[in-house]
1. For residues that are under 21 Å from residue 252 (Cβ atoms) and either modelled with pLDDT of 95 or more or in contact with a strand residue (DSSP E or B) (Cβ under 6 Å, 6 or more places away or on another chain) (or both), tally how many sit in segment 153-185.
2. In this structure, does residue 32 turn out to be out of contact with any helix residue (DSSP H, G or I) (no Cβ under 9 Å at 6 or more places or on another chain), under 25 Å from residue 204 (Cα atoms) and at pLDDT 85 or above?
3. Go through (1) in contact with a strand residue (DSSP E or B) (Cβ under 9 Å, 6 or more places away or on another chain); (2) farther than 29 Å from residue 42 by Cβ; (3) crowded, with 19+ Cβ neighbours inside 10 Å and name the single condition residue 195 misses.
4. Considering every residue within segment 50-73, establish whether at least one is out of contact with any helix residue (DSSP H, G or I) (no Cβ under 6 Å at 6 or more places or on another chain) and in a strand (DSSP E or B).
5. When the residues of segment 290-304 are filtered to those that are within 23 Å of the chain's Cα centre (by Cα) and surrounded by fewer than 18 Cβ atoms within 10 Å (Cβ to Cβ), which remaining residue is farthest from residue 265 (Cα to Cα)?
6. Just to be sure I understand, how many residues within segment 238-255 are touching a helix residue (DSSP H, G or I) at 6+ places or on another chain (Cβ under 8 Å) and more than 20 Å from residue 197 (Cβ to Cβ)?
């Protein structure tokens, strides 16, 4: 039985919603309750990712004739194999079967499934004893750099998780940044690239920027705020204030004077030459822009690469991991340490460990 993930609009809030439908085009109620809950705190893209993971889980359950409330740890392990190679129960192969999904994709699906059961456990929709078979309690909450070094408190951890190959995504050089900017013929696009490079903000945060978030001649800052937007943008991380160089604000002023359309809009980045002129830009427009730039310059570039470049530049300049955590909007210092361990000194690492231990 095949399910589908459909995009819709909430008639009451006019916001993006994601629906998992069965073969009769009926909403899968247990999944939908969880996705509706997620929509209150997660970006539409995150909800979509979880929707795909839960759609796959439901298709797996149907293929095995399993009740979603009666699953066991072995079922989750079988789900991993199913995600890797599909249903091979009636197939005998003498050759190695190529994986259909990466470790990261499988782990994302597992996260969707385990948090789905956490939600229904909190609402007493599943038997806690059966649910606890899917996750367990372990003593050390930290992974990566802090694992085995620091004291910790018990936390629930997934029993089933694949090891992902850790590879730092890399950074842009100054020469590459200059090439990318010079390859843009519009002020808006030049400003967009330099803003990403100079602040490290996420695409959702960029698209959600409003004019009141940009500092003036006496306020050299960008203010990242959490709001609901009709262009599906959302600030995923923490609200924060990021210092910027005066030249960046001058480019913003030039953009407003010479290119910004004659429309009333609160948004900084709007459609100017394509689509609904004056309406807030959406993520697909940004993705198309960087795809074109990659082909034009031969530099493989995407928006998040500027974020890694920004963080690496700050750490190499001597900024503390705690300060970089704030500027990136990370909720946990561990996220910063795990991603940027290659540029964090041992002294800085031990300082973070000691501070966290003292706070426990």
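The values are calculated or read from the model by the stated rules, or taken from the named source; none is laboratory data. Bear in mind that the values here come from a model prediction, so they are computed numbers and not experimental data. With ideal geometry, Cβ positions are generated from the backbone for all residues, glycine too; neighbour counts draw on all protein chains shown.
1. 7
2. yes
3. So residue 195 meets the others, but not (2).
4. no
5. Across segment 290-304, the extreme among qualifying residues is 300.
6. The total comes to 1.
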